[in-house]
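The values are calculated or read from the model by the stated rules, or taken from the named source; none is laboratory data. What you see is a predicted model; the values in this text were computed from it and never measured. Cβ atoms come from the backbone with ideal geometry, glycine included; neighbour counts cover every protein chain shown. These accessible areas exclude ligands, DNA and RNA; they are computed on the full protein's heavy atoms, side chains included. Shrake-Rupley method; radii C 1.70, N 1.55, O 1.52, S 1.80 Å.
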Amino acid sequence: MRGVLCPAVRREVSVTTATQRNVIESNDVNLVFGPGAGVFNQSYVLPEGTIMGMIGPSGCGKTTTVRLALGLFAPQNGLLNVLGRKPAVFRPLDREQIGYIPQQFVLYPNLTVEENAEFVASLYGMRRARIKQRMEELLAFVDLTDARKRLGSQLSGGMQRRLMLAGALMHDPALLFADEPTAGIDPVLRGRFWEFFRKLRDEGRTLFVTTQVVSEAVYCDFVAVMRKGRLLAIDTPHGLKKRALGGEIIHMTLEDPARLKEAAAVLERYEPVKKVLRVPGSDTELHVLVEDAGEWLPEVLNILENPDGPAIVVASAEELPVSYDDVFIRIMEQSEQEAPDGRDN
Amino acid sequence: MAEITDATPRRASTSTMVEGSPLERWLIRVRAYFRKEINELRRQPMLILSLIGGPLLVLVLFGASFVNSNPVLRTVIVVPEGGIPGFSEQDIRNLVGLNFTIEEFTSDPERADMLLRAGDVDVVQVLPQDVVGAAARGERPQILVRSNAINPMVEGWVQYLGYVEVNEINKALLRQQAATAQQEATTIRVKVVDTRGQLGELEGTLTGARRAEIQQNVAELRPLLAGLEARLPSDGALADGTGLGELRAGIGRANNGLAAVEAALSEDAVQARVDQIANAAAELERVEGLLETFTNTEPDLIVSPIEQRYENIRGGAYQAVIYYAPGVLALLIQHTAITLGALALVRERMMGAFEVFRVAPVNMIQLLLGKYLGYTIFIALAAALLFGGLRLLGVPLLGSLWEFAALVVLLILASLGVGFLISAVSKTDSQAIQLAMISLLLSIFFSGFFIALESFARPALAVSFSLPMTHGVAGFQALMLRGISPEWWVWVGLSLIAVITFGLVVFLTGRQLKQA
């Protein structure tokens, strides 16, 4: 079992199995453009066959991280290996295994969908017969078969994005970098994109996807949260939630408001319970913080409803669904508290 | 810091989609750019139409409308009140109208000046009062030529044509003078013949009346000869190869002889001066012959002894439309190549394609080769179509077709080099277009297309020879119109421009690609 290092909290989280190898390994990588600009002490690994989602506000260093991994920038210090080689010394053979969807639409408006895809494939040295065969599969995959003769200038924003995805996949790369592929597109298409990505992941490819849409974290195997050039946290989506909240929350409603204070006192004495909070504005609801809500929910109910004990009747209890927006905000706040002087680089 | 992994990183398996030898993949990448450029270009029918149809249309219009390379100079003639003695209005029209378009005759200089300042006419010519009389008096009358030209070429033409006109007028005056002298000489010659016969009589015995008559004749002949001598044009040739100088000298000698005869007769010393009388008779005989020659010589030969004879060993020059056609072809090739090249890299850089190219396993040489190849084939096809159109207009190709094709390709490569260099140094496409336009302006002025290279100061020739079009114009004119191989400097110049610009583009764009 191997771990992904979270530099902000210096804690290892198990994320991969022994059969997976790391496609990207970044250890203490720095690239400073100026005061507060660049990426700082970046350490992470990306296991093969997984999706890493990098989330952070605009200008936080996501694109710079991608460019470092692609060899477009060289780190000033630290160790960075992609596919077992330093990106700065990639050979054509290494580059043939990488696909890239940049933020900007860089396909050509005067070329048809087919011609655009063929151009990108030819840059990777693919023969025409192979391109034709691959084109059928991919245009069907991104749902552009009917639009194959349409010019790039006649495509909608969503179609352009899908064409870029098809172009990046033409040469069947082992590792795909997608820099904000879902920026500016509608939620339905965004969902389809993630569907594509997960299919690709299921076929054994490794994906590194950046996004500003926090809710997309749920589609990733690992989520890295970035702020001002620093990786604040890397974990599975579930692990990230737990890390942000300090565990999981059981949302509980009691039958009798008069016994709310007693119930809180009982639970606070129970060791697995980390914290008990009254829900503001309610005299019957409590939030109980535990390590694992699924594991500890029956125990918590047993303690409260024990007829030989407090015998407090619980009207309802369930794990509190927490949005990734809340998780992201919480992580940002924690980061602010850890570096209150604004030290970001 | 904690160990991040204990697993040895292994490279992912090679893509199954990419196959073939490294050389094959290298060539496929070049082809990728080539096909992309061709596909993009063929989707722009207006571009193709403007590249081929535009220049052809311009040439057809030029051929149909071009009349004369000399400017039309609208002119007002200011003549003195009462005209010029010896010259009718028609005479003036004949002389001035050769080079100037006469709009009006006036004797009001202020009106002429007003028309000139208003731009209603280009030239005002103020003619002197009495040209013939003033010339006869030994004065030098002036014809004042005034213009309001702002174009230095037009001003040059006005000055030159004014000079030609005055020359023609001078010749006309001399012609007139010679003709008058010839009429006078015919009469004098009769008198010379009579007098020479009378001098023979002096050797014998004569009556006093006869001697008085001879003395009277001699006395009359002398001023006639002196008058003729004075009225002869200052210089000129005669039909027998002699000149007016000899006639003038002969008249002088004869006059001196007659003076001696006159003195002998007055002093009654004829017998003592028989030799002088015989000598005078001989001089009169010579003058008689010279006067005969003079009167039989065409006045034109007297005042313009040298005649120009022009011969073009080719049989004749081409029509202007045909002469300029090779230059138009060179201009089209260069401008198209520079414009396409100028946009080629800057457009890709601005749209972010350089980032994709850097991630892909392609290099700068593959990118440039693919683009050069695509553009070269496209422009060569456009040039071939335009050349076909030119042939239909009657433009010949007298030289080798292979050399012509080689020159087209070399001109395209050199021009693409300049275009790509513009692209490499431009930050935006509008900047690239601006630089391409400047190169077009430079080419029109400095390539020898309209203004001969010899018209420029030596340092400016460096600009001329750094333009592909300079070599293209010279090469195409040699091959198409003269049927000879272009000079060595045409080939060397284009090759140097192509190689140097390619090297610079590789260097500059390689640096930009690293910063993408």
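Observations, loosely collected:
- Helices (runs of 4 or more DSSP H) wholly inside the stretch B:395-470 that include at least 1 residues being within 22 Å of B:Leu373 (Cβ to Cβ): B:401-425, B:429-446
- Boolean, A:Thr211 is in contact with a Leu (Cβ under 6 Å, 6 or more places away or on another chain) and modelled with pLDDT of 90 or more: no
- Residue, modelled with the lowest pLDDT, within the stretch B:3-54, restricted to residues that are in contact with a Leu (Cβ under 6 Å, 6 or more places away or on another chain) and open to solvent by 40 Å² or more (accessible area, probe 1.4 Å): B:Arg11
- Which listed residue is in a strand (DSSP E or B), over 20 Å from B:Asn363 (Cβ atoms), within 12 Å of chain B (Cβ to nearest Cβ) and touching a residue at least 12 places away in the same chain (Cβ under 8 Å), from A:Leu79, A:Leu31, A:Leu107, A:Leu138: A:Leu79
Yes/no matrix, rows are residues, columns are (1) of a type outside the set (S, T, N, Q); (2) more than 10 Å from chain B (Cβ to nearest Cβ); (3) touching a residue at least 40 places away in the same chain (Cβ under 8 Å); (4) surrounded by 23 or more Cβ atoms within 10 Å (Cβ to Cβ):
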site: A:Ala121; (1), (2), (3), (4): yes, no, yes, yes
site: A:Leu163; (1), (2), (3), (4): yes, yes, yes, yes
site: A:His171; (1), (2), (3), (4): yes, no, yes, yes
site: A:Ala174; (1), (2), (3), (4): yes, no, yes, no
site: A:Val188; (1), (2), (3), (4): yes, yes, no, no
site: A:Leu200; (1), (2), (3), (4): yes, yes, no, no
site: A:Thr206; (1), (2), (3), (4): no, no, yes, yes
site: A:Ser215; (1), (2), (3), (4): no, yes, yes, no
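- For A:Ala74, the conditions (1) touching a helix residue (DSSP H, G or I) at 6+ places or on another chain (Cβ under 6 Å); (2) within 8 Å of chain B (Cβ to nearest Cβ); (3) open to solvent by 10 Å² or more (accessible area, probe 1.4 Å) are fulfilled apart from (2).
- B:Val60 being among the β-branched types (Val, Ile, Thr) and not in a helix (DSSP H, G or I): no
- Of all residues in the stretch A:95-104 being crowded, with 21+ Cβ neighbours inside 10 Å and not β-branched (Val, Ile, Thr), the one that is farthest from the other protein chains (Cβ to nearest Cβ): A:Gly99
- Here is the figure for the stretch B:94-113: residues that are modelled with pLDDT of 85 or more, surrounded by 14 or more Cβ atoms within 10 Å (Cβ to Cβ), part of a helix (DSSP H, G or I) and not acidic (Asp, Glu) total 4.
- Matching option when the condition is more than 9 Å from every other protein chain (Cβ to nearest Cβ), touching a residue at least 60 places away in the same chain (Cβ under 8 Å) and among the basic types (Lys, Arg), among A:Lys149, A:Lys62: A:Lys62
- From the options A:Gly84, A:Gly125, residue that is open to solvent by less than 10 Å² (accessible area, probe 1.4 Å) and either on the phi > 0 side of the Ramachandran plot or of a type in the set (A, V, I, L, M) (or both): A:Gly125
- Residue satisfying condition, being over 23 Å from B:Asn167 (Cβ atoms) and either touching a Phe, Trp or Tyr at 6+ places or on another chain (Cβ under 8 Å) or of a type in the set (Asp, Glu) (or both), within set B:Glu89, B:Glu110: B:Glu110
- Residues in the stretch B:176-208 that are aliphatic (A, V, I, L, M) and free of Cβ contacts under 8 Å to residues at least 40 places away in the same chain were compared, and the one that is surrounded by the fewest Cβ atoms within 10 Å (Cβ to Cβ) is B:Val190.
- Residue among A:Ile131, A:Ile98 that alone is under 31 Å from the mean Cα position of the chain (by Cα) and either at pLDDT 90 or above or farther than 21 Å from A:Glu195 by Cα (or both): A:Ile98
- Test: A:Asp179 is within 14 Å of another protein chain (Cβ to nearest Cβ), acidic (Asp, Glu) and open to solvent by less than 10 Å² (accessible area, probe 1.4 Å): yes
- Residue-level analysis places A:Asp146 outside the set of residues that are assigned to a helix (DSSP H, G or I), open to solvent by less than 10 Å² (accessible area, probe 1.4 Å) and charged (D, E, K, R).
- Test result for B:Glu81, more than 8 Å from chain A (Cβ to nearest Cβ), part of a loop (DSSP other than H, G, I, E, B), in contact with a Ser or Thr (Cβ under 8 Å, 6 or more places away or on another chain) and modelled with pLDDT under 90: yes
- Qualifying helices (runs of 4 or more DSSP H) (wholly inside the stretch B:282-364; at least 1 residues being under 21 Å from the mean Cα position of the chain (by Cα) and closer than 30 Å to B:Leu397 by Cβ): B:320-351
- Hey, A:Ala18 at pLDDT below 90 and aliphatic (A, V, I, L, M) or not: yes
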